[in-house]
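A.B. asks: Below is one structure. I have some questions about it.
The values are calculated or read from the model by the stated rules, or taken from the named source; none is laboratory data. Here the structure is a predicted model, which is why all the values come from computation and not from measurement. We place every Cβ from the backbone using ideal geometry, glycine too, and count neighbours over all the protein chains shown. Remember, those area values only see protein heavy atoms, side chains included, never the ligands or the DNA or RNA. Shrake-Rupley method; radii C 1.70, N 1.55, O 1.52, S 1.80 Å.
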Amino acid sequence: MLLRARPYIIKGDEARDRRDWPAAEAAYEIALRREPKRPGVWMQYGHVMLETGRPDKALEAYTRADQLRPGTVDSNLCIGHALKNLGRLEDAHAAYSRTLEIEPDYYPALRERARVSPRPADFTPDRLNYVMLGTTGLCNASCLHCPTGKDSTAHVPRIPMAMPLFRKIIDELADMGLPIMGQIAFGLFGDGLVDPFVVERVRYAREKLPHVPISVNSNAAAYDPKKHAVLADIPGVIIGLHSESIVPETFNHLMAPLRHERVIVKYEMIMAQFPGRVHASIPVSRANLDEVQQTKKWFEDRGAANVIIVPLMSRCATDLRLFNQISISPEINRCGPSALEDLAIDCDGLMLACCQDFRRTEPIGNLKTQSLREVIYGEVRRDRMRAFEEGQHDTFDSCSKCYGDRIDAIEREMALV
């Protein structure tokens, strides 16, 4: 019986690995007809059902696997995933909780249970979304619409974050144990690869927070394969590439003083050395609108894991003339309280309410003198969350100046190109 099923399990696994879901489904079905008491195959069949948009069938498969081999972390976690996809959030919460009864510190279950939990009414933090660290305040570009390196941010420090401060932040994130839904990103107002300690920082963060994805955000110009290629050996490290265009003239105009002919070589190096681990972002404006699809395709053809189109933001600038000239169809931004689940910590330890506050007008804490717990659980942060809940954004200088394009407006404009 085992030999009769095994060839089809192998075929199913091979099809799964190349993401050929119809072939995987057919092979696993034959294997399960021949040997229906295989919990591992039921699990794989459930994954195929979830990948192909059939969470009801996935739930049946995962439940069958759990009946055959009760009380495993994997089956309960995946039952939770299927229930979440079915919109049964309370049941999903219970499944993730069962997973944590088996393995209390299992990070994927902690993170997913937080996703399906209602947010506390009193804004007590129970999760974080993104953690953005200004590991350096330096950037080697002065992009046309970016305030970094301009007169408006001349007062902002242009230094690498001190390693003791960095370790303190990472240690406190680990000790607090709040699930991080997204990732830790190195690079807030500066370029992550300009930081001379980036490799040391990534290694330290990976040791302390082994399950959290780490993104090193860069325009690629500072990439040095002798120094930075070792990052590819560290699990869960993503390179977040910022590109305004792949067309030389537009690139040189929007990302001065960088030069296309020098940076394009670095793009190619990074794409080759970090296969499937490059996420590219393309800010869209009237200056590059007709080239966005070409730029997007360039990265996709070279194996980028994700390429996103980023609406232009005003970055809370006091002078909106340039922004109004190159934006598509801007509107005032009005974030909800969950925006404060993103942490924006600059190179000197100043924590901001928003990563768009380039002038750092409204900090909510300082990690040089406060603990992370004091700031996250502090009244300044919670008061701001309450204000967002009540729609009182204009009481904050940065929010009153925050405008941005909308992705639907960009897509309409792109369709006309």
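A.B. asks: Evaluated at 20 °C with a viscosity of 1.002 mPa s, what Stokes-Einstein diffusion coefficient in µm²/s does the chain have when Rh comes from the Kirkwood expression over alpha-carbon pairs?
C.D. replies: Details: Rh = 23.6 Å.
The diffusion coefficient I find is 91 µm²/s.
A.B. asks: If you roll a 1.4 Å probe over region 339-391 with all protein chains in place, what percent of the accessible area is carbon or sulfur?
C.D. replies: Working: 910 of 2000 Å².
C and S fraction of accessible area: 46 percent.
A.B. asks: Given a 10 angstrom Cα cut-off, can you work out which residue in GLY87, GLY303, GLY134 is the most mobile in a GNM of the chain?
C.D. replies: For the chain, modelled as a Gaussian network with Cα springs under 10 Å, the answer is GLY87.
A.B. asks: Let me ask another. Rg(Cα) of region 97-150 divided by 2.2 N^0.38 Å?
C.D. replies: Relative to the 2.2 N^0.38 Å estimate, region 97-150 comes out at 1.88.
A.B. asks: Computed over the Cα atoms of region 204-291, what is the convex hull's projected area averaged over all directions, in nm²?
C.D. replies: 6.3 nm²
A.B. asks: Charges at C-beta only: +1 for Lys and Arg, -1 for Asp and Glu. How large is the resulting dipole of region 258-417 about its Cα centre, in Debye rounded to 20?
C.D. replies: The dipole magnitude comes to about 400 debye.
A.B. asks: Of all DSSP beta bridges in the chain, what percent run antiparallel (nearest 5)?
C.D. replies: Percentage antiparallel, nearest 5: 25.
A.B. asks: Further question on the same structure: Can you give me the orientation-averaged projected area of the convex hull built on the Cα atoms of region 343-417, in nm²?
C.D. replies: 6.7 nm²
A.B. asks: Also, I was wondering about something else. Isolated Cys in the chain by the 4.7 Å beta carbon test?
C.D. replies: For the chain, the answer is CYS78, CYS139, CYS316, CYS335, CYS347, CYS354, CYS355, CYS399, CYS402, because their Cβ atoms have no other cysteine Cβ under 4.7 Å.
A.B. asks: May I pose another question? If amide hydrogens are placed 1.01 Å from N in the peptide plane, which non-local residues have theirs closer than 5 Å to the one on LYS401?
C.D. replies: Counting only residues 5 or more places away or on other chains, the set is empty.
A.B. asks: May I pose another question? How large is the accessible surface per residue of the chain, computed with a 1.4 Å probe and reported in Å² as a whole number?
C.D. replies: Working: 18980 Å² over 417 residues.
That works out to 46 Å² for each residue.
A.B. asks: For region 230-357, what's the relative contact order in percent, using C-alpha pairs closer than 8 Å and at least 6 residues apart?
C.D. replies: Computed over region 230-357, the figure is 21 percent.
A.B. asks: Using a 1.4 Å probe on the protein heavy atoms, what percent of the accessible area of region 6-56 belongs to carbon and sulfur?
C.D. replies: Heavy-atom surface of region 6-56 belonging to carbon and sulfur, 1.4 Å probe: 49 percent.
A.B. asks: Sticking with this structure for a sec: Comparing LEU68, LEU340, LEU352, which has the greatest mean-square fluctuation in the GNM of the chain with Cα pairs linked when under 10 Å apart?
C.D. replies: For the chain, modelled as a Gaussian network with Cα springs under 10 Å, the answer is LEU68.
A.B. asks: In a Debye calculation with equal point scatterers on the alpha-carbon sites of region 57-110 and no solvent, what is log10 I(q)/I(0) at q = 0.15, 0.16, 0.20, 0.29 Å⁻¹?
C.D. replies: Reported log10 I(q)/I(0), two decimals: -0.34, -0.38, -0.60, -1.13.
A.B. asks: Here's another thing I want to ask about it. Among 197-209, 150-162, how do they line up by average Cβ neighbours within 10 Å per residue, starting with the highest?
C.D. replies: The packing order, highest mean first, is 197-209, 150-162.
A.B. asks: Related question: Calculate the translational D of region 262-417 in whole µm² s⁻¹ from Stokes-Einstein, where the hydrodynamic radius comes from the Kirkwood formula applied to all Cα pairs, the temperature is 10 °C and the viscosity 1.306 mPa s.
C.D. replies: 89 µm²/s
A.B. asks: Charges at C-beta only: +1 for Lys and Arg, -1 for Asp and Glu. How large is the resulting dipole of the chain about its Cα centre, in Debye rounded to 20?
C.D. replies: Details: 54 positive and 57 negative charges, 196 e Å.
My answer is approximately 940 debye.
A.B. asks: Compute the Cα gyration tensor for region 266-352, then decide on rounded, prolate or oblate, letting a ≥ b ≥ c be the square roots of its eigenvalues: rounded whenever a/c is under 1.5, prolate when a/b is larger than b/c in the other cases, and oblate in all that remain. Let's see the in-between values first.
C.D. replies: Working: a/c = 2.24, a/b = 1.31, b/c = 1.71.
Here region 266-352 falls in the oblate category.
A.B. asks: Place a +1 charge on the Cβ of each Lys and Arg in region 115-234 and a -1 charge on the Cβ of each Asp and Glu, then give the dipole magnitude about the Cα centre in debye, rounded to the nearest 20.
C.D. replies: Dipole magnitude for region 115-234 comes out near 120 debye.
A.B. asks: So, with a 1.4 angstrom probe, what is the percent of accessible area on region 206-271 that is carbon and sulfur?
C.D. replies: Answer for region 206-271 is 59 percent, counting heavy atoms of protein chains only.
A.B. asks: Next up: Would you please classify the overall shape of region 296-339 from the alpha carbon gyration tensor, given that a ≥ b ≥ c denote the square roots of the eigenvalues, rounded means a/c under 1.5, and beyond that prolate means a/b larger than b/c while oblate covers the rest?
C.D. replies: oblate
A.B. asks: What does the charge count near PRO235 come to, summing +1 for each Lys or Arg and -1 for each Asp or Glu among other residues with Cβ under 15 Å from its Cβ?
C.D. replies: +2
A.B. asks: Let me ask you something else. Going down the list LYS150/LYS297; LYS266/LYS297; LYS208/LYS368; LYS168/LYS401; LYS266/LYS401, which pairs span over 28 Å between their C-alpha atoms?
C.D. replies: Where the Cα-Cα span goes over 28 Å, the pairs concerned are LYS150/LYS297; LYS168/LYS401; LYS266/LYS401.
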